[in-house]
Every structure is written in C-alpha cells, then in structure tokens.
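Chemist: Sharing a structure below in structure tokens format, with a few things to ask.
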Amino acid sequence: MMAVLNEEQTILRDMVREWADNESPVTAFRQMRNAGPPEGYDAKAWSVMAEMGLAGIVIPEEFGGTAFGYLSLGLVLEQLGRNVAASPLAATATAATAIVIGGTAEQKASWLPRIASGAIVAALAVDEGPVHNPAMLSTSVSGGALTGTKAFVAEGDSAGVFVVAAVDGLYLVAGDAAGVTRSARHMADARSHAEIRFDKAPADRLGDTTLTAAIVDRATAAVCAEMLGLATQAFETTNDYLKTRVQFGQQLSTFQALQHRMAKMFTELELMRSAVEGALEAIDANRSDIDQAVSLAKAVGGDTLRLVSREMIQLHGGIGMTDEHDAHFYMKRAAVLEAMWGNASFHRERFARLNGY
C-alpha cells in the first residue's frame, strides 16, 4: 500500500524529480565520477539543493529548516536515487536529527542553521568494522575526549561535524577539532566513504545508546528510500530496453520468459515501496515499532534491489557489461547500500529477534 501524500509532499516530490532529471541526471554523476572531487559529490549541485530547502528538510523551522519529516526526506532521496545522484543529504539529515533530539539549546543554535543552509555537511560515524554491528563498538570518551576509529563513514571526507557512536551513546565532534584524522576509502560506487580516527578529540554528549539506536534506524530508513529510487529506475530502464530491442525479428518484451522475469520484479518493487514508505511513516508518527518497520524495509529492500540491479545487467546483455552504459552505476551503488547499516540477512534476524523468535 502506497503512502498517502499531502499537497506539500506531492509538490516536493515532483519538484525534486524535475530538478534531478534536468540538472542531475546520470550523466552528471558520470562526470562527477570522472572528475573525482575530494567531497565525492558536486559541491555546486549541493548548494543548489540547499537553496531549495532540502538540506534542512528534517530540521525545525526555528533553525532554518522546513521540518517536513522523514517521509518527505524519503521522497527526495528516492528521486535522487533514480539518477544515482551523489549528495550528502541522507548522512546530513540523519546526523542533524541526532542534534535535534539530543542537543542542547546552544548546540542546536550553533550547528543546525549551518546544516540547514548547506554551509556544512554532517556525518554519522558508527561502525568500526567491515560490516554493520552496533554491538561491537570500542570508541570511548574520557574527560570529554573521544578516542576510536570509524570505518567507511559516508560523507566523512567533507563533514564539518560528526555524530559519533561510543560505547555509552552518541557524541558531537567538530570536523576541524584537534585529534580528528580522515583517510579516504575508494569504494565501487565512487562516493565518499572515509575512515575517521579520533584521538582524544573534544566531544559533547548528545544521548545514551537508546539515541544511538534511534538514529541508526533513521539512517537505515533513509538508505532504504534511496534504494527504492535505484530499484525503480533500474526496472524502468530495463523495461524500456526490452520494448525497443529487437532480436530474431521480435521485440524482447514479447518473449514470455522475459515477461515473467519483469512481472516478478514489478511485484517485488510494489512490496518494497510499501515497506519503505511504511518505515518512514512510522518514524514521523514516532510509533513504538519503528525498529521492526525499519528492519522489514531494509530486508525487503535489500533483496529487491539486489534482484533488480542484477537483472538490469543481465537483460541488457553485452551492452550492460560496459562502462559506457549506466547499468553498472546502479549495481555498484546497490552493493554498497545493501551492506550499509546491515544487509538483508542482518535485518531478517533482527526482525525475528524483535518479535521474540
């Protein structure tokens, strides 16, 4: 079942879709990848997005945001995901939420207006190993000084502030603070993933481990929204190709075996949309089952995006294997997002555990 959007959300979705198609198509991502900016995204495009109000989409109006909520954030990320557009929006929004929930009045006044304006990027630094495991943290704080190493921090290369998970909760660390060292990590998706080392870096406490879990759930839901956009466009591109490609004197779309494969993907995509939008709505309603809704969305979304992105390669045949075609961008970004914040297996197990199994 699809989410029911209000007028503002419909306008927002359509505005971002039009902007993404006209100003940030896949060709723009290809140009960014070839240029290799240290930020891992087009800084000018991010400035335009901030002017559109997207950087402050989950930030209260008193701090320069629009407070549109997580379903609206998801709509934006979905439209950007359709074109594999590179932006720090997902990381920035979820890190900002940690400040909104746990920050002091002084911290909010100091950081949120700058985040909402796009002046600085915020990043969420949690995992310390190659896979998501929030139970395995060694980062600690003593006397207001934070020490630890975080692997593969999305947007870590350009972040002006970090929300860092330690063993006892979340902390705020300025990006230019003493003791903060960044090392770029080159991943398949050509996006920013940095290792961040904190060596007695000055840190301000935001909240306990309950806040950590809440923010990780929100970060996971945001990733699911981008995954939905990737999967939707991968399906549509493949479907269009099958309708125009002719082999043996017939369009590929007339072959029953291929019709069955496309029908399978279509039904899985409908289920994915329901699960992802359900998780975003649960966050906005502050429901008690946010954790279950998020794990359901990530498990379903991970399986579906894996299926659709790989079918995109296969059904395009030889052209799908080339760098000149866009299919590989979807598969590579899919592989990274599937692993981020826990893969489908992790979230199936978590969902079962949350339900007492």
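The values are calculated or read from the model by the stated rules, or taken from the named source; none is laboratory data. Being a predicted model, the structure only gives us computed values, none of them experimental. Backbone-built Cβ (ideal geometry, glycine too); neighbour counts: all protein chains shown. SASA here: full protein model, heavy atoms, side chains in, ligands and nucleic acids out. Shrake-Rupley method; radii C 1.70, N 1.55, O 1.52, S 1.80 Å.
Chemist: Out of residues 5 or more away from V180 or on other chains, whose amide H comes under 5 Å of its own, with H placed 1.01 Å from N in the peptide plane?
Modeler: D199
Chemist: While we're here: Amide H neighbours of L206 under 5 Å, at least 5 residues apart or on other chains, H built in the peptide plane: list them.
Modeler: Hits under the 5 Å cutoff: L170, Y171, L172.
Chemist: Can you give me the distance in nm between label points at D208 and Q251, each placed 7 Å from the Cα along the Cα-to-Cβ direction?
Modeler: 6.1
Chemist: Then there's this: Enumerate the amide H contacts of G175 below 5 Å, restricted to partners 5 or more residues apart or on another chain; note that Pro and chain-start residues carry no placed amide H.
Modeler: Excluding prolines and chain starts, which carry no amide H, the hits are V161, F162.
Chemist: Evaluate the relative contact order of the chain (contact order divided by residue number), counting alpha-carbon pairs under 8 angstrom at least 6 apart; express in whole percent.
Modeler: 17
Chemist: Given a 1.4 Å probe, how much area per residue of the stretch 203-357 is accessible, in Å²?
Modeler: Averaged over the residues of the stretch 203-357, the accessible area is 45 Å².
Chemist: Report, to the nearest whole %, how much of the accessible area of the chain belongs to carbon and sulfur atoms, 1.4 Å probe, protein only.
Modeler: Taking all protein chains in place, the chain shows 53 percent carbon and sulfur surface.
Chemist: Ok, one more. Which one, E78, E281, E106, has the greatest fluctuation when you compute a Gaussian network model over the chain with C-alpha springs under 10 angstrom?
Modeler: Judging by the Gaussian network model, the answer is E106.
Chemist: Fully extended, how many nm does the chain gain between A177 and M136 (0.36 nm per residue separation, minus their Cα-Cα distance)?
Modeler: 12.2 nm
Chemist: Give a residue-ordered list of calculated ³J(HN,Hα) values for the stretch 178-195 (Karplus: 6.51 cos²θ - 1.76 cosθ + 1.60, θ = phi - 60°; whole Hz; x for Gly, Pro).
Modeler: 4, x, 9, 10, 10, 10, 5, 10, 8, 10, 4, 8, 6, 10, 7, 9, 10, 8
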